[in-house]
Amino acid sequence: MANPDRTLKRVSRPVLSTRFAAVGQTYGAALALLALIIYNIGFTPFFLNPATVNSNLTQVAPIVIVAVGMTLVIATGGIDLSVGALMAVAGALAPLIFLSTLLPANYPFIGIGLALLIPMLVAGAFGLFNGSLVAYFKIQPIIATLVLFIAGRGIAQVVTNGALQNFTNPGFRYIGIGRPFGIPFQVILMVGIVAGVAWAMRTTTFGRYVLAVGGNEAAARLAGVPVTRIKLAVYGLSGLLAGLAGLIVIAINASSDANSVGLDMELDAIASVAVGGTPLTGGRATVIGTLIGALIIQLIRYTLLAHGIPDAAARIVKAAIILAAVYIQRQRRA
Amino acid sequence: MATVSTEPSARRFTFNRARAASLIQRQGVLIALIALIAFGALRYDNFFSVYNIASVLRYYSMFGLIALGMTFVIMTGGIDLSVGAVVALGSVIAALLTPYGVLPAIVVPVLVGMVIGWANGWIIARLGLLPFIVTLAMLLAARGLALLLANNTSVGITLDPGFVWFGQGDLLGVPVPALVMGVAYVAGVILLRYSRFGRHVLAVGGNEEAGRLMGLPVDRIKLGVYTLSGALAALAGVILAAQFNTGQPTEGLGWELSAIASVVVGGTLLTGGMGSVGATLVGVLLLGLIFNILNFENGHGFISLSSYWQSVIRGTFLLVVVLLQNRLAQRRRS
Amino acid sequence: MEQSKSPAPLLEMTGIGKTFPGVLALQDVSLRVGRGEVHALIGQNGAGKSTLIKILTGAYRRDSGTVRFDGQAVDFQSPQQAQAGGVSTIYQEVNLVPFRSVSENIFLGREPCRWGLIDWRRMNREAAAILDRFGIQVDVTQPLLTLNVAIQQMVAVARAVSFQSKLVVMDEPTSSLDEQEVATLFTVIRQLKAAGVSVVFVSHRLDELYAVCDRVTIMRDGRTVAERTMGEISKLELVALMLGKDLSVVQRSGTTAFSDGVHHAAAELIRADGLRQGHRLQGASVQVRAGEIVGLAGLLGAGRTEVARALFGADPVDSGEVRLDGTPVHFKSPRDAIRAGIGFCSEDRKTEGIIPYMSVRENLTLAVLPTLARRGIIARDKQQALVDQFVRRLGIKTSGPDQPVRELSGGNQQKVLLARWLCMNPRLLLVDEPTRGIDVGAKGEIQALINELADAGLGVLMISSELEELTEGCDRVVVLREGQTVAELPHATVSQAAIMAAMAHGSAAAPSEETPHG
């Protein structure tokens, strides 16, 4: 504005200071990540070694993929505890499909295609189930998703009878161990999903609606936002992405164990979202922040391990970082 | 003085219906438990055997203890996700302290649990962070501490007969852990029903603002419930170590969510303000018996349901209860 | 001002002043309440009643003035302290714990104990005795929520009285009570009075004031404007004082930015007949033609907002018919109404209007997004053009379209919300108190804008508590009273006196005899 008047001047000071805080907050996580990287380049041998980079990124990819869905759910003011269990469901289904004798043996791609598609759709359907409990029955998200947290892994175990399923299907394993241009395939997937969802949050009606529902549900409804559909969509998407992450994990391991696939994933995902700067109260979300949050947690763990500090201690540090991140956000809100 | 008549018939009507609704809700779970016990007793020969009853009680006493603490936390409108990890931490500390005698091995873990719970409560009440994220961070920290102390493996106990008795012994034919649980529940009932603290817990959960206006020490009440929850979780950890002769840093995974499920099945509102200690115990036993019955059914030989069905059934059960409570609540509102 | 009856009143607040950052909330306010007196405190929203009450009950601290209570100068630091000092408050929303029993709610925080354990028998017995004093017999062991709202209010009163209060402040205690429940409450108030307890009674229902109050203090714009004996003031006078109108000179001066004149109303746009919804709407009817501004008047609680929400599909109605262009419509959600070209600018900006953390751009275009997007992707340039256009046209003062809307002033937030609806080019706009709580400059701009829009063919239904807005801005004024349409005044006959008469008595005719009930 060319001619700022009195009113503008009066509001511009708090604006500047909150802007400053906002900048510090957004880039705070990024700066912390940068500091971690610089520290490691300086003090951790072989940190920039492609093998190290790849292994760090490979480990973080499933967490990020799940956490992206979690970011959307949290942006609407919800939470999804079922993601780990849904990973197990998808992980249990896929081998059953491509190892199935019902499929035509001379067209292996059909089997692989179905083994990728069906488990993800099933996980997505379970996500929709969560969403309908939240949107139609108005059950608190934590309880609504607790149902599948408990039952979901059980379903996976029942389907596989709790047995470890080993397989050597190279076509399927590509999503876990493929290395186009030397980059792990799941890292490409991760980057694609993060970029895609971040883009969608900024440029699509869906993204605006997600934030509107979390920011002020009553106002959003009065402005014509389809609140119920949006809630269904975010939980469905969260399930779908959890399904994909489950497939990646079993593809890496060449085996599917319903007892362990995705265990504790809900905690890692929520932690990444919180550290990344998305408040658990909803209304704001940063997908890139979630990626940064997951990378920070991963790198801290790596750094501590690389310097001989046990994994257990890394958990304590992780806890402290989560609390600090949430506390800083709260300060900003006040 | 004139007696004011306020449509006595209409009043009695709403009053009766609400009472009937709460009766069905509370006793419904008890009826289900009795039905399940009757079913088991009629169908399986050894179901009512002393051995079976004792072993069920011995194992589920641990869940009973953490669910008791969780009941108090949830009644204030909060949640405690750290209990499963505190169980593990308690078991490790207890095992490490067995060389120094029974008393330290029992008392010190409980004290540590109290400190952790107190820290939860302090951060929640004083810094105003969400219980969900605070106790999630504490989950990570307590688990990390347990693994650190235990050096990532289970810790054998010094076979002190007194300590072993605490987990495996009987007193007057009743397993000691079951007795501990029984005493805790009796104390819990008295605390909730006959102490100011208990009534204030319910008042704060029912309407925190009103509680403040009435001059209740809201912060102190919150500190109290989280401290209690931490102490009971650590006590469950002591029993775990005494029962299995080891401190197990990786045990207790997801126990917090099982405890929440028991509390919700027992009819305690997750939004706070209403709950029953006795009903939580019924919820714990009900969810525990489902596993027991499945075992018997498999032994019976007619059908073979893998033990994995238990979590599917538990999840379904939780869903049914939550939907039922939701309908009752909606009817009451209209 | 008249002398109060008793020479030494129980409560004497004088010269009370209170400033919030940037706002002068109270200025030289006084309130005198005698012993055993029921004293009405009235005024429009924003007149400063609740601020005054909060100062009295210790929730706020005053900046200036003195408070004498029971012969002593007092300075309560908290509601608890005020309670201990003999001042209890009953809030509009029952501020008790719904799941807990009646006796617990009365004794919470000071439960009778024996050997450290709560003595339930004694607690229940004493609770029953306290309620019995008011002639209320209920099962005190039942959860509060199983009782009707009136009894819940009674429990709050009982709690207050059991603290040996000398003064009970009731902040709109009747707003959620039905007629019979109000009667019960009044019985209790009269008993308090008989026992020498004073009551400060806040209500917007004039009949109630006459039924139960002895004297009245009227506030406007943070000042005390009058203190009268109830028997010596007519309802019309009361309304006039509250709104700041001189009865003899109700003139049509240009105090608003509306052009004083009839628009060229065309075909009927929307028509609602006999809307009913619980006891909030009991036969409300309204119609709006394209290109006219219809005012919707009524006191608080008359059902104005409910009518607008029903038209917009935000709340379902029990019965009644809504016709759009002559064909019956049933909007299941606001989304349907928006598709049909209706916009609704709600009264409560904070809870139902703005999405605080979203930017001006996103807030402004939230309702219009479906038409800005192709396959779900928002056309950024179109969006930006629209935002620029409306920021300019409405003169929204913002550091840029990316500024979070919560950082804007109230007037500018309101403009953003108006723009949210205007940018979808609606046929009908429902506006609920469009100028409340915003500064004079912005107020005039918004009024001029609404006027200009109606000239361009938009149908407007405007809810307002400001009589000038209604008389000067509207082609017709529909007056609601207790959920019912009681008068429809065309521009030619509309006057502030006529509106006030309809709000007070239910018809636009000159006041007949007063008929207090209760």
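Some values worked out for this structure:
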quantity: Residue that is in contact with an Asp or Glu (Cβ under 8 Å, 6 or more places away or on another chain), buried (at least 20 other Cβ atoms within 10 Å of the Cβ) and under 17 Å from C:Leu489 (Cβ atoms), where the choices are C:Gly295, C:Gly313, C:Gly291, C:Gly303; calculated: C:Gly295
quantity: Residue in segment B:55-69 that is crowded, with 19+ Cβ neighbours inside 10 Å and within 14 Å of B:Gly121 (Cβ to Cβ) present; calculated: yes
quantity: Condition met for B:Ile221 (at negative phi, assigned to a helix (DSSP H, G or I) and within 14 Å of chain C (Cβ to nearest Cβ)); calculated: yes
quantity: B:Gly144 being within 14 Å of chain A (Cβ to nearest Cβ) and at positive phi; calculated: no
quantity: Tabulated pairs, segment A:202-217, first over 11 Å from C:Met358 (Cα atoms) and within 7 Å of chain C (Cβ to nearest Cβ), second part of a helix (DSSP H, G or I) and not aromatic (Phe, Trp, Tyr), C-beta under 6 angstrom, 6+ apart or interchain; calculated: A:Thr205/C:Leu369
quantity: Test: residue in segment B:152-172 that is touching a strand residue (DSSP E or B) at 6+ places or on another chain (Cβ under 6 Å) and in a helix (DSSP H, G or I); calculated: no
quantity: Per-region count, segment C:296-315, residues outside any strand (DSSP E or B) and in contact with a helix residue (DSSP H, G or I) (Cβ under 8 Å, 6 or more places away or on another chain); calculated: 8
quantity: Residues of segment A:144-167 satisfying the condition of being at the interface with chain B (Cβ under 7 Å from one of its Cβ atoms) and either part of a helix (DSSP H, G or I) or modelled with pLDDT of 90 or more (or both); calculated: A:Leu146, A:Val147, A:Leu148, A:Phe149, A:Ile150, A:Ala151, A:Arg153, A:Gly154, A:Ile155, A:Gln157, A:Val158
quantity: Unmet criterion (only one of (1) within 28 Å of C:Gly36 (Cβ to Cβ); (2) surrounded by fewer than 22 Cβ atoms within 10 Å (Cβ to Cβ)) for C:Ala82; calculated: (2)
quantity: Matching helices (runs of 4 or more DSSP H) fully within segment A:222-334 where at least 1 residues are more than 25 Å from B:Asp80 (Cβ to Cβ) and either out of contact with any His (no Cβ under 6 Å at 6 or more places or on another chain) or more than 9 Å from every other protein chain (Cβ to nearest Cβ) (or both); calculated: A:227-253, A:287-306, A:311-333
quantity: Cβ-Cβ under 8 Å pairs, at least 6 apart or on other chains, segment B:245-261 side closer than 17 Å to B:Leu287 by Cα and in contact (Cβ under 8 Å) with a residue 12 or more places away in the chain, far side among the charged types (D, E, K, R) and surrounded by 24 or more Cβ atoms within 10 Å (Cβ to Cβ); calculated: B:Glu256/B:Asp80
quantity: Condition broken by C:Ile270, with the remaining ones in (1) modelled with pLDDT under 80; (2) closer than 30 Å to C:Glu452 by Cα; (3) not small (Gly, Ala, Ser) satisfied; calculated: (1)
quantity: Per-region count, segment C:37-59, residues modelled with pLDDT under 90, part of a loop (DSSP other than H, G, I, E, B) and buried (at least 18 other Cβ atoms within 10 Å of the Cβ); calculated: 6
quantity: The one condition in (1) assigned to a loop (DSSP other than H, G, I, E, B); (2) of a type outside the set (Asp, Glu); (3) touching a residue at least 12 places away in the same chain (Cβ under 8 Å) that C:Ala492 fails to fulfil; calculated: (3)
quantity: Output for segment C:342-357, where each listed residue is without any contact (Cβ under 8 Å) to a residue 24 or more places away in the chain and assigned to a loop (DSSP other than H, G, I, E, B); calculated: C:Asp348
quantity: Segment B:70-125: number of residues that are among the small types (Gly, Ala, Ser) and surrounded by fewer than 24 Cβ atoms within 10 Å (Cβ to Cβ); calculated: 4
quantity: Checklist (1) in contact with a Ser or Thr (Cβ under 6 Å, 6 or more places away or on another chain); (2) surrounded by fewer than 21 Cβ atoms within 10 Å (Cβ to Cβ) applied to A:Gly293, failing item; calculated: (2)
quantity: Some residue of segment C:386-398 being facing another protein chain (nearest Cβ under 10 Å), more than 18 Å from C:Met424 (Cβ to Cβ) and hydrophobic (A, V, I, L, M, F, W, C); calculated: no
quantity: Set A:Ala30, A:Ala61, A:Ala115, A:Ala92: member being assigned to a helix (DSSP H, G or I), over 14 Å from A:Tyr235 (Cβ atoms) and within 14 Å of chain B (Cβ to nearest Cβ); calculated: A:Ala92
quantity: Options A:Pro141, A:Pro184, A:Pro180, A:Pro170; residue that is closer than 22 Å to A:Met265 by Cβ and either free of Cβ contacts under 8 Å to residues at least 40 places away in the same chain or within 14 Å of chain B (Cβ to nearest Cβ) (or both); calculated: A:Pro141
quantity: Top-ranked residue of segment C:109-141 - restricted to ones that are crowded, with 19+ Cβ neighbours inside 10 Å and part of a loop (DSSP other than H, G, I, E, B), ranked as farthest from the other protein chains (Cβ to nearest Cβ); calculated: C:Val140
quantity: Single residue of C:Ile342, C:Ile338, C:Ile354 found to be in contact with a strand residue (DSSP E or B) (Cβ under 9 Å, 6 or more places away or on another chain), hydrophobic (A, V, I, L, M, F, W, C) and either surrounded by fewer than 24 Cβ atoms within 10 Å (Cβ to Cβ) or facing chain A (nearest Cβ under 9 Å) (or both); calculated: C:Ile338
quantity: Identity of the residue in segment C:325-341, of a type in the set (A, V, I, L, M, F, W, C) and part of a loop (DSSP other than H, G, I, E, B), that ends up nearest to the chain's Cα centre (by Cα); calculated: C:Phe331
quantity: Given (1) among the aliphatic types (A, V, I, L, M); (2) modelled with pLDDT of 90 or more; (3) not in a helix (DSSP H, G or I), number of the condition B:Leu216 does not satisfy; calculated: (2)
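For every residue, the table says whether it meets (1) crowded, with 17+ Cβ neighbours inside 10 Å; (2) on the phi < 0 side of the Ramachandran plot; (3) at the interface with chain A (Cβ under 8 Å from one of its Cβ atoms).
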| residue | (1), (2), (3) |
| --- | --- |
| C:Ala379 | no, yes, no |
| C:Glu407 | yes, yes, yes |
| C:Gly411 | yes, yes, no |
| C:Thr435 | yes, yes, no |
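The values are calculated or read from the model by the stated rules, or taken from the named source; none is laboratory data. No experiment lies behind these values; they were computed from the predicted model shown. Backbone-built Cβ (ideal geometry, glycine too); neighbour counts: all protein chains shown.
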